[in-house]
Amino acid sequence: MPIKRKISNRKTEDGKKAVAAPKTSRKSKTAAPGKAGKANPSLKTVVIDALADMKALDVKFLDVRGLTDIADFMVIASGTSDRHVRSVAQRVVEKAKEAGFRPHGVEGQQDADWVLIDLNEMIVHVMLPRVREFYGLEKLWDMTAMKRAARA
């Protein structure tokens, strides 16, 4: 749709007709739509929101600092089918990239029984419920404060 411009009959000091400057778009091209003025979200927020958007089941957020050097946090979630697991993992990767967190790698998308996303300081596991139950990652990595103190 063409932009309508108001024609002005104003004249400059020397008697010549003034030319109006072209109007610029109101949208900023540097900021993403809807993101202007907002602080950058944390990786945790991005991942949790992406999992919620895709209706991932039984999401667990584990703090594994002090237990391993490979990551600070681990997220474990389930999907209802292999397609759902694949879609949830793809959404997490997309949202992480949009927020500026580039994944190191994604494994398991072909079979989609268990998809692992390495986001540097966080590892996200999206699994089918039977696979999740079989491997029991929550039991392996969930160390409460009492267990950590006993271990030290």
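How many of the residues in the range 66-93 are on the phi < 0 side of the Ramachandran plot and surrounded by fewer than 13 Cβ atoms within 10 Å (Cβ to Cβ)? Matching residues across the range 66-93 total 5. Are any of the residues in the range 25-43 surrounded by 11 or more Cβ atoms within 10 Å (Cβ to Cβ), at pLDDT below 95 and within 24 Å of ASP142 (Cα to Cα)? Yes, the range 25-43 contains a residue that is surrounded by 11 or more Cβ atoms within 10 Å (Cβ to Cβ), at pLDDT below 95 and within 24 Å of ASP142 (Cα to Cα).
The values are calculated or read from the model by the stated rules, or taken from the named source; none is laboratory data. It should be emphasised that the depicted structure is a prediction, and the values quoted were computed from it without experimental measurement. We place every Cβ from the backbone using ideal geometry, glycine too, and count neighbours over all the protein chains shown.
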